[in-house]
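Sharing a structure, written as structure tokens. Questions coming.
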Amino acid sequence: MALLEFKETYRSGIDPIDYEHEILIDLINELHTTLANDHDKTHVEDILGELHGKISAHFALEEATMREMEYAEYKPHMEEHNKLLDEILEIGQRFARDPSYDYMRDLEAEIRHWFMHHFVQMDSRLHNMMKEKGLT
């Protein structure tokens with residue numbers, strides 16, 4: 001069973017960002033399935049690394065867009081990005097030290113928080129401002 005499904009409420013109207021959100025959800029679901037069925041340490045670490053890399057690249061795109069727009073909420077938005085990236089790294093480090101650590105519970109909680117809080121609240125404000133400025 002998938003951890004997340006891409007919903008219409010996640011759609012920003014900005015095709016490259018929407019595409020990246022869908023790719024990230026697919027990768028998160030792949031990690032969720034792997035964690036549920038396969039505890040191969042190298043495989044889990046590879047997916048965590050790929051997830052961190054793709055999220056980093058996605059955040060860089062959003063942050064560049066915010067800087068170009070002189071987005072008033074840039075700093076708190078960027079801080080949320082950094083917090084999530086740090087949490088993913090921490091989960092990966094804990095898993096590397098102790099494969100019996102319940103990383104699945106922590107990762108699921110962080111990912112759910114991300115989509116329920118950050119995307120729905122913070123990203124939607126950014127996307128609305130972009131629409132108002134005619135950037136979508």
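Bear in mind these aren't lab numbers, they're just calculated from the coordinates by the rules spelled out. Owing to the predicted nature of the structure, the values given are computational and were not obtained by experimental measurement. Heads up, the Cβs are rebuilt from the backbone with ideal geometry, glycines too, and the neighbour counts pull from every protein chain shown.
Return 95, 119 ranked ascending by Cβ neighbour count within 10 Å, so the fewest neighbours appear first.
Numbers: 95 22, 119 17.
So the residues, fewest neighbours to most, are 119, 95.
Measure nothing but the geometry: give the 0 to 90° angle between the long axis through the Cα atoms of 103-113 and the longest principal axis through the Cα atoms of the chain, rounded to 10°.
Helix 103-113 sits at roughly 10 degrees to that axis.
For the chain, I need the span (max minus min coordinate) of the C-alpha atoms along each principal axis, in Å, sorted largest to smallest.
49, 27, 20
For segment 49-108, what class follows from the C-alpha gyration tensor (a ≥ b ≥ c being the square roots of its eigenvalues): rounded when a/c is under 1.5, otherwise prolate if a/b is larger than b/c, else oblate?
prolate
Can you show me the helix-derived [θ] at 222 nm for the chain, built from DSSP H runs with n ≥ 4 at -39,500 (n - 2.57) apiece and divided by the number of residues, rounded to the nearest 500.
That calculation yields -24000 deg cm²/dmol at 222 nm.
If contacts are Cα pairs under 8 angstrom and at least 6 residues apart, what is the relative contact order of segment 13-132 in percent?
29
If you fit an axis through the alpha-carbon atoms of helix 15-37 and take the longest principal axis of the Cα set of the chain, what angle between them do you get, 0 to 90°, nearest 10?
10
Mind pulling the angle between the C-alpha long axis of helix 74-97 and the longest principal axis of the chain? Nearest 10 degrees, somewhere in 0 to 90.
On a 0 to 90 degree scale, this one is about 10.
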